[in-house]
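J.: Structure below; questions to follow.
The values are calculated or read from the model by the stated rules, or taken from the named source; none is laboratory data. Bear in mind that the values here come from a model prediction, so they are computed numbers and not experimental data. For neighbour counting, all protein chains shown are included, and Cβ atoms are generated from backbone atoms with ideal geometry for every residue, glycine included.
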Amino acid sequence: MKPTFKQIIFLVFFFVGIQFSISATSNPTTPQNETILLKKLQSKVLGNDSEYLFSYNDKKITKIDYTTFDGVTRKGYFKFTYSGDLITKIQEFTTENVNLFTSTFTYTNGQLAGVVTEEIGKNKAEKINFIHNGTASVTAVRSIGTSSQQNNIVENEVMYFTDNKLVKKVENGVVSSSTIYEYDRANNPLQNVIGMDKINVYLNTSFGIFSSSGLEGIQNNRVKQTVYTSKGTLEYVLVFNTTYTDVNFPNTRMSPPNSPGAFEYNYKY
């Protein structure tokens, strides 16, 4: 089950590449920065406008209210559930509190093992199993099916990490490609949110609700993405101009006019 458009542009993952002018290169670790949490994200992705409002209990995210416009205005919210410091469930609701999707996260020894996303009332679901290949790479296998069984494997991605940062991803599915990622040394808007680091591999897949977020990276922010075809031919490079706050969090990110696609993000803390 592929995500809806508003999910695709929610937080998460057509992953944008960025080449930017950076105003600071340090990564402050002062107590002040440890309390900074993202309050609002406004995005314009390929002509579609969205606004997200973030709510927290201390440093645990509890709710994200969204408004999106892709020809039709849609409103709703995402509800987060924790067990200890681990995010165990993300549910999407309409403004009338109708549950549309429920994603359930499972862990093995604190490491993300899988995510099952069910389309409520439709008897449809997708599952992503994560195979941790030592410390260097993770294979994400996506399968679809009914709410009770998801056995039809449709695609997979192999993600390579350095210092917990995704540096390369190889996609094998309807569209096969490989992508190289680079990062800045600034603070990521979600780095202080409890539990986000534990679902980092999910945030880096192309399958889930966190795609095309403008929030990718967890510790830092992506500064460049280079995409190659399955035959190794350069396909495109997406670039961004980025400004930062005085404590080195992203303030705005905007793709230049010559980029293959128009992207703009504005952050409020």
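J.: If you check every pair at least six apart or on different chains, which have Cβ atoms under 9 Å apart with a residue in the stretch 250-267 that is free of Cβ contacts under 8 Å to residues at least 24 places away in the same chain and surrounded by 13 or more Cβ atoms within 10 Å (Cβ to Cβ) first and a residue that is of a type in the set (A, V, I, L, M) and assigned to a strand (DSSP E or B) second?
T.: Close Cβ pairs satisfying both conditions: Ser259/Val237; Ser259/Leu238.
J.: What's the total number of residues in the stretch 86-117 that are in contact with a helix residue (DSSP H, G or I) (Cβ under 8 Å, 6 or more places away or on another chain) and among the hydroxyl-bearing types (Ser, Thr, Tyr)?
T.: Qualifying residue count for the region: 1.
J.: Residue check: is Ala140 touching a His at 6+ places or on another chain (Cβ under 9 Å), among the small types (Gly, Ala, Ser) and in a strand (DSSP E or B)? Please lay out each step first, then the result.
T.: Details: touching a His at 6+ places or on another chain (Cβ under 9 Å): no; among the small types (Gly, Ala, Ser): yes; in a strand (DSSP E or B): yes.
No; evaluated as a whole, the condition is false for this residue.
J.: In addition: Across the stretch 87-111, which residue is surrounded by the most Cβ atoms within 10 Å (Cβ to Cβ) among those that are at pLDDT 95 or above and in contact with a Leu (Cβ under 9 Å, 6 or more places away or on another chain)?
T.: Taking the candidates together, the pick is Glu92.
J.: Next up: Criterion first (surrounded by 22 or more Cβ atoms within 10 Å (Cβ to Cβ) and either at pLDDT 90 or above or aromatic (Phe, Trp, Tyr) (or both)) does Tyr160 satisfy it?
T.: no
J.: Pick from the stretch 93-137 the residues that are touching a Lys or Arg at 6+ places or on another chain (Cβ under 7 Å), in a strand (DSSP E or B) and free of Cβ contacts under 8 Å to residues at least 24 places away in the same chain: which of them is nearest to Asn172 (Cα to Cα)?
T.: Gly114
J.: Let me ask something else. Inspect the stretch 30-49 for any residue being touching a Leu at 6+ places or on another chain (Cβ under 6 Å), within 21 Å of Val193 (Cβ to Cβ) and touching a residue at least 12 places away in the same chain (Cβ under 8 Å) and give the result as yes or no.
T.: Checked the stretch 30-49: at least one residue is touching a Leu at 6+ places or on another chain (Cβ under 6 Å), within 21 Å of Val193 (Cβ to Cβ) and touching a residue at least 12 places away in the same chain (Cβ under 8 Å).
J.: Next question. When the stretch 99-115 is examined, which residues are found to be touching a strand residue (DSSP E or B) at 6+ places or on another chain (Cβ under 9 Å) and farther than 17 Å from Ile128 by Cβ?
T.: Listed by number, the residues that qualify are Asn99, Leu100, Gly110.
J.: I'm told Arg74 meets every condition in (1) over 30 Å from Thr229 (Cβ atoms); (2) crowded, with 18+ Cβ neighbours inside 10 Å except one. Can you identify the failing condition by its number?
T.: Unmet condition: (2).
J.: Moving on. Scanning for something more than 25 Å from Ile194 (Cα to Cα), surrounded by 14 or more Cβ atoms within 10 Å (Cβ to Cβ), modelled with pLDDT under 95 and in contact with a strand residue (DSSP E or B) (Cβ under 8 Å, 6 or more places away or on another chain), does the stretch 131-147 turn up at least one residue?
T.: No, every residue in the stretch 131-147 fails to be more than 25 Å from Ile194 (Cα to Cα), surrounded by 14 or more Cβ atoms within 10 Å (Cβ to Cβ), modelled with pLDDT under 95 and in contact with a strand residue (DSSP E or B) (Cβ under 8 Å, 6 or more places away or on another chain).
J.: How many residues are farther than 21 Å from His132 by Cα, crowded, with 22+ Cβ neighbours inside 10 Å and either of a type outside the set (S, T, N, Q) or in contact with a Ser or Thr (Cβ under 8 Å, 6 or more places away or on another chain) (or both) if we restrict to the stretch 163-189?
T.: The total comes to 3.
J.: Tell me, please, whether a residue that is part of a loop (DSSP other than H, G, I, E, B) and under 21 Å from Ser178 (Cβ atoms) can be found in the stretch 242-253. Steps first, please.
T.: Our first condition is that a residue be part of a loop (DSSP other than H, G, I, E, B); within the stretch 242-253, this holds for 245-249.
Subset that is under 21 Å from Ser178 (Cβ atoms): none.
No, there is no match, as no residue in the stretch 242-253 is part of a loop (DSSP other than H, G, I, E, B) and under 21 Å from Ser178 (Cβ atoms).
J.: Being under 26 Å from Thr35 (Cα atoms) and out of contact with any Lys or Arg (no Cβ under 9 Å at 6 or more places or on another chain) is the filter here; which residues of the stretch 232-250 pass it?
T.: Tyr244, Thr245, Asp246, Val247, Phe249, Pro250
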